[in-house]
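Reading through the structure tokens given below for one structure.
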Amino acid sequence: MKIGGGPYNVPGRHGELPSTTHANPANTGQTQNDLQSNTSGMADHTLPRNIPRSDKDYLKIATLNMRGRTCTIQGYRQDKWFQIYRILNTSQTAILAIQETHLTDELANNIRLSFDSKLALHYSPLPETRNADGVAFVINKGLLNAEKVSCEEIIPGRAILATISWHADTKIKILNIYTPNDTRNNELFWEKLNEIMSAHPNQRPDIMMGDFNLVEDSLDRLPCHPDNASAVAALGELKYNLNLHWVHRTLFVINN
């Protein structure tokens, strides 16, 4: 299940609606179909009207919990990075925020060598366990000039910020997040991220997306049940301080 799936037209820094996309890891799967279905949380980041149009006047972005590097398809172990490359091309996605990358420096270098002319990779591993967790951005070089994208680590293995230099002087900041599963650590993560963003306002994102390991409303789980109230409140406080809104619930009013 994706929380806040798309595609959407999201105005961004010069518009009225920054976006938050949540991803629940329940269906971030082990087959090619699962991988394709979990890129459904996409957003089209469109140009503000006061910026001249060009050949590429929007960016399609997506988030995916890839749950490790390999999967089993028809009984054979396969590398998911080839599937990711195909998905980016077929869906015309410019930027993919991924979680649970399980990358080491050696594996990341191998991926860069394999897809050097096609993809750019920015990643942040979890220091204690470099073969688990981790977050990354994958840039589709066919749709976006990779030299215009810079990334900085906010919380190692848990949060990475991409800054895209786009039309004219416009910059778009996208925060990719993978939170701890544990309820208490989940709450502490949001509190720590809130402190970081308060201390460094230049890192405030226009878009926040990833695998939050919680939902804000019990209706977003099957079967329905609420997540830890303290963790949900910590996320809500961060969203308020960053002036972020849940895109899906903002654009599509749910009538109970």
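Coordinate-derived values only; no laboratory data. Here the structure is a predicted model, which means the values were calculated and not measured. Quick reminder, even Gly has a Cβ in these numbers, built from the backbone with ideal geometry, and neighbours come from all protein chains shown.
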Q.
At a 10 Å Cβ-Cβ cut-off, how would you order Met197, Met209, fewest neighbours first?
A. Met197, Met209
Q: Report Rg/Rh for the range 87-141, rounded to two decimals, where Rg is the Cα radius of gyration and Rh the Kirkwood radius.
A: 0.99
**Q.** the range 79-161: GluC sites (Glu not before Pro) in DSSP coil with no more than 15 other Cβ atoms inside 10 Å
**A.** Glu128
Q. For the range 112-117, in order, what is each residue's ³J(HN,Hα) by Karplus, 6.51 cos²θ - 1.76 cosθ + 1.60 with θ = phi - 60°, in whole Hz (x at glycine and Pro)?
A. 4, 5, 5, 10, 3, 8
(Q) Can you list residues from other chains, or at least 5 along the same chain, whose modelled amide H is less than 5 Å from the amide H of Leu119? (A) Lys141
Q | Neighbour-count ranking [beta-carbon atoms within 10 angstrom, fewest first] of Leu219, Leu113, Leu143, Leu175 | A | Leu113, Leu219, Leu143, Leu175
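Provide Phe115, Phe82, Phe137 in ascending order of the number of other Cβ atoms located within 10 Å of each residue's Cβ, fewest first.
Phe82, Phe115, Phe137
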**Q.** FRET efficiency estimate (nearest 0.05) - Cβ-Cβ, Ile73 to Lys148, R0 30 angstrom
**A.** 0.30
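In the structure displayed, which of Lys80/Lys192; Lys118/Lys171; Lys80/Lys118 lie more than 26 Å apart, Cα to Cα?
Lys80/Lys192
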Q: Report ³J(HN,Hα) in whole Hz for each residue of the range 132-148, in order, from the Karplus equation J = 6.51 cos²θ - 1.76 cosθ + 1.60 where θ = phi - 60°; Gly and Pro get x.
A: 8, 6, x, 10, 7, 10, 10, 10, 7, 5, x, 10, 8, 5, 4, 5, 8
**Q.** Amide H partners (placed H, <5 Å) of Ile154, local residues excluded
**A.** Ala159, Ile160, Leu161
(Q) Spelling out what I want: for every residue of the range 170-179, take phi, set θ = phi - 60°, compute 6.51 cos²θ - 1.76 cosθ + 1.60 (Karplus), and round to whole Hz; glycine and proline get x. (A) 6, 10, 10, 10, 10, 9, 9, 10, 9, 8
Q | Positive-end residue of Asn186, Ser165, Leu175, charge dipole of the range 147-198 with Cβ unit charges | A | Ser165
Q: Determine the gain in length on full extension of the stretch Thr129-Ala233; use 0.36 nm per residue of separation and subtract their C-alpha separation, reporting nm with one decimal.
A: 34.6 nm
Q. Which far-off residues, 5 or more places away or on another chain, put their amide H under 5 Å from the one on Lys171, with H placed in the peptide plane?
A. Trp166
